[in-house]
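Data first, discussion second: the structure below is written as structure tokens.
The values are calculated or read from the model by the stated rules, or taken from the named source; none is laboratory data. Given the structure is predicted, the values throughout are model-derived calculations rather than measurements. Cβ placement follows ideal geometry from the backbone for every residue including glycine, while neighbour counts extend to all protein chains displayed. For accessibility, only protein heavy atoms count, side chains too; no ligands or nucleic acids. Shrake-Rupley method; radii C 1.70, N 1.55, O 1.52, S 1.80 Å.
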Amino acid sequence: MPFQDLPLYLAIRQLGPDVAVGRAMLFPEVEAVHAKLDRLADMLGKFAKETLRQLPLLEVHRRLLAREPEAREVWVEVEPARSAAPGWRDPVRLRFD
């Protein structure tokens, strides 16, 4: 069976000076928390590799991204619902980064 490199993309967020949380994209079962970013990335890679070994080939194929992901921010405007609290009249703008 031929081998194929499977790129693993990580989403890591620093929660404070001594803690970060990370997740392997397209692997919802692979998540970890650690104080050191390099150790966190190593752990996520190890967990993803273990998960891949247990998956059927079709499921492995489903977890391939068509292209490299890009980080960007997204703005969403939420209008108040008719049943909202009387004090909520103006839309709220949310930023996700």
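Residue 95 meets the stated requirement of being free of Cβ contacts under 8 Å to residues at least 24 places away in the same chain and either open to solvent by less than 100 Å² (accessible area, probe 1.4 Å) or charged (D, E, K, R) (or both).
To keep it simple, each residue is scored yes or no on (1) at pLDDT below 95; (2) open to solvent by 90 Å² or more (accessible area, probe 1.4 Å); (3) among the charged types (D, E, K, R); (4) over 13 Å from the mean Cα position of the chain (by Cα).
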site: 8; (1), (2), (3), (4): yes, no, no, no
site: 13; (1), (2), (3), (4): yes, yes, yes, no
site: 26; (1), (2), (3), (4): yes, no, no, no
site: 36; (1), (2), (3), (4): yes, yes, yes, yes
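Taking segment 54-65 as the range and being more than 16 Å from the chain's Cα centre (by Cα) and outside any helix (DSSP H, G or I) as the test, the residues that pass are 55, 56. Residues in segment 15-24 that are open to solvent by less than 40 Å² (accessible area, probe 1.4 Å) and closer than 14 Å to residue 63 by Cβ: 24 alone. In segment 64-86, what residues are open to solvent by less than 70 Å² (accessible area, probe 1.4 Å) and free of Cβ contacts under 8 Å to residues at least 40 places away in the same chain? Within segment 64-86, 74, 76, 78, 80, 81, 84, 85 qualify.
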